[in-house]
2 protein chains.
Amino acid sequence: MDTVKTESFLRISAALLLVLTACLVGFDSQTKLLFYSIVRKATFRDMNALIVLVWVDSVAAGYNLLHLLFKSSLCSSWFKGKNIPMVSHPYMAWFCFFLDQATVYVVFAANSAAMEASFLAVTGSSIFQWMKVCNRFTRFCVQIGGALLCGLVASVLLTAISFLSAFSLFRLYSPNQFLVLKSR
Amino acid sequence: MDTVKTESFLRISAALLLVLTACLVGFDSQTKLLFYSIVRKATFRDMNALIVLVWVDSVAAGYNLLHLLFKSSLCSSWFKGKNIPMVSHPYMAWFCFFLDQATVYVVFAANSAAMEASFLAVTGSSIFQWMKVCNRFTRFCVQIGGALLCGLVASVLLTAISFLSAFSLFRLYSPNQFLVLKSR
């Protein structure tokens, strides 16, 4: 099993799903006639959580594609381990590891927040006298639901990438001494 | 630097902060006289996201304390690596690793969702005609804000624990072959 190929496959899939999520949310809109002559158009700009989700997912997709482009020269040449001396760029490997971890946590947080906001839009809140939004803009809400599902799958893929990234970094260290690189 | 001591310290701190968060949210309440004679009491049960947060944080705190109690017999005896043969319980180590990862992601998601819901309670939404809640129950909302801050710090500590857990597991593997345990 080739770690580099698996990682590339995961990164491309995650980036595609993130772009799909951002597009599904960003291009979703529904116009509806409410009472007599008031026309309301629902877009993702009605809810802060969805705006944040579109931005975060776009940046995360961009990061994963950039990582793939630069990986041969920066991070992963170091991970192959056989031809290139291991201790050449330890800081760079740690940098990539932290970027991967930050990406997965930020995407995960944005997705959870958007899910909670959408949940409130579906159910409303009788105690707060917040009315339901989705019974009027049903098609809009179904598309957002699909996008959030895509975002969830993307988060799972990003988690797998972060595991692989941690594995690639930590396997280089000695099992007995703390933070000492393994003997070559 | 002793990994086992660091991990114990992190787990105890995280568990304390999680318990503090759950208590701050769970025991928060404010009674207020609204219009003439209508009395309203605000508690965490008014919002689903806060109920979920209390449960998730309590379970996560319990898990971390149980992990500490059983660690000598189950997981971490394997991690010390010197006296005990390394390959004795690889499945158990992977099991602990996945439990740690699941904990940090679930706590993180619950915290993000509660933050988003609280944000909506503070700002309201003029487009959805959702009115602000926190201008009437200010003291209640300030306490929830403090609790969410505690929860955020706890999430950061849990992230550190998950890094340490990944480090302890993956350092045992060979740097050249995929998923092959290092020669002892």
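Residue-level check: of (1) over 30 Å from B:Ser165 (Cβ atoms); (2) at pLDDT 95 or above, A:Ala110 misses just (1). The residues of the range A:30-45 that are farther than 18 Å from A:Met115 by Cα and either surrounded by fewer than 15 Cβ atoms within 10 Å (Cβ to Cβ) or acidic (Asp, Glu) (or both), listed by number, are A:Thr31, A:Lys32, A:Leu33, A:Leu34, A:Phe35, A:Tyr36, A:Ser37, A:Ile38, A:Val39, A:Arg40, A:Lys41. Each residue in the range A:1-50 was checked for being at pLDDT below 95 and in contact with a Gly (Cβ under 7 Å, 6 or more places away or on another chain), and 1 pass. Within the range B:127-157, the set of residues being of a type in the set (A, V, I, L, M, F, W, C) and within 11 Å of another protein chain (Cβ to nearest Cβ) comprises B:Ile127, B:Phe128, B:Trp130, B:Met131, B:Val133, B:Cys134, B:Phe137, B:Leu152, B:Val156. Residue-level check: of (1) of a type outside the set (Val, Ile, Thr); (2) out of contact with any Cys (no Cβ under 8 Å at 6 or more places or on another chain); (3) surrounded by 15 or more Cβ atoms within 10 Å (Cβ to Cβ); (4) more than 8 Å from every other protein chain (Cβ to nearest Cβ), B:Ala109 misses just (4).
Here the range A:119-153 is the region considered, the condition is being among the small types (Gly, Ala, Ser) and surrounded by 21 or more Cβ atoms within 10 Å (Cβ to Cβ), and the residue that is nearest to B:Leu152 (Cα to Cα) is A:Gly151.
The values are calculated or read from the model by the stated rules, or taken from the named source; none is laboratory data. Since we're looking at a predicted model, the values are computed, not measured. Backbone-built Cβ (ideal geometry, glycine too); neighbour counts: all protein chains shown.
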